[in-house]
1. To the nearest whole percent, what portion of all C-alpha pairs in the chain is separated by more than 28 angstrom?
2. Ignoring any ligand, DNA or RNA, what whole percent of the accessible area of the chain comes from carbon and sulfur when the probe is 1.4 angstrom?
3. Over the alpha-carbon set of region 53-120, divide Rg by the Kirkwood Rh and report the Rg/Rh ratio to two decimals.
4. Using the beta-carbon distance between Leu178 and Lys151 and R0 = 35 Å, what value does 1/(1 + (r/R0)^6) give for FRET efficiency, to the nearest 0.05?
5. What whole-number value in Å² describes the accessible area per residue of the chain for a 1.4 Å probe?
6. Could you give the C-alpha radius of gyration of region 120-171 expressed as a fraction of 2.2 N^0.38 Å, taking N as the number of residues it contains?
7. Across region 122-135, in residue order, what do the Karplus-derived ³J(HN,Hα) couplings come to in whole Hz, using 6.51 cos²θ - 1.76 cosθ + 1.60 with θ = phi - 60° and x for Gly and Pro?
8. Simple spin-label model, 7 Å along Cα-to-Cβ: Phe78 to Arg208 in nm?
Amino acid sequence: MHKKFTYIVTLLLLHICSYAQPSMKRSRIAFTAGLNTNDAYDGEFSYHYMLLPYLGIGSGIGYFNQWYNDYLPHGKAFGQWTSWKLSESDKEIGKVYLRPSILLSTPSLFKLGKYAISFQGECGAQILIPHIGVYIDYFNYNTFGSKSKYKSTNKGEWIFWSVKGGVNLSFNDIAIGLGYGISNLDIYSSSRFINVENVSLSDFYPERRMTHSLFLCFMYSL
């Protein structure tokens, strides 16, 4: 029964795909730039293969980095050193990620002269390498000595869900989009597992929360 149902669904999908426009643009390339609520900027290149005129699958590779971070872990040290703090150079967090996704778009809803307006959405996952390395600066205020030690961890979450949506203004094969995104990305996920002098860096970072973003997207179909 299950095999028969799978066979029927497969035939229906093939039948639907056969009605796709023979000359439709199969590839959609995009560059997205945005800002999110982690005080970070984000840039991503993506590619989607259009299975149907308004349905595609693909992936993007991107990078986010904080431009500001007010959280600076620090504390007392023992033995040779009197205190420690996270190095200023590692204060802002940045990471490369992959984002496989399903793309859905609408036909042109209305036109403004030569330009067509439509809506577009993406559902996918943001995949990070669960690794981070930072330098901890140690100080001795009696001798004025200092030293840096490297600490790293491979712990932390590595996959987060991501949903994006927006409105596109297109002309022929070129489009510009403005949109909003939401995900459960926690940029402090790996940092929370680093401990210094029996103190977790997690104690200095905010509680986990949703990440919201605004972005501008430039697209080209070919």
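The values are calculated or read from the model by the stated rules, or taken from the named source; none is laboratory data. Source: prediction; values computed, not measured. No Cβ is skipped: glycine too gets one built from the backbone with ideal geometry, and neighbour counts run over all protein chains shown. These area figures cover heavy atoms from the full protein model, side chains too; ligands, DNA and RNA do not enter into them. Shrake-Rupley method; radii C 1.70, N 1.55, O 1.52, S 1.80 Å.
1. Values: 11469 of 24531 pairs.
In whole percent, the share of Cα-Cα pairs in the chain beyond 28 Å is 47.
2. Numbers: 8630 of 13340 Å².
Summing carbon and sulfur atoms, their accessible area is 65 percent of the total for the chain.
3. Numbers: Rg = 23.4 Å, Rh = 17.1 Å.
Using only Cα positions, Rg/Rh for region 53-120 is 1.37.
4. On the way: r = 41 Å, r/R0 = 1.16.
So the FRET efficiency works out to roughly 0.30.
5. With all protein chains present, the chain gives 60 Å² per residue.
6. Numbers: Rg = 21.4 Å, N = 52, 2.2 N^0.38 = 9.9 Å.
Compactness ratio reported: 2.17.
7. 9, 10, x, 10, 9, 10, 10, 7, x, 8, 8, x, 9, 9
8. Going from the Phe78 label point to the Arg208 one covers 3.1 nm.
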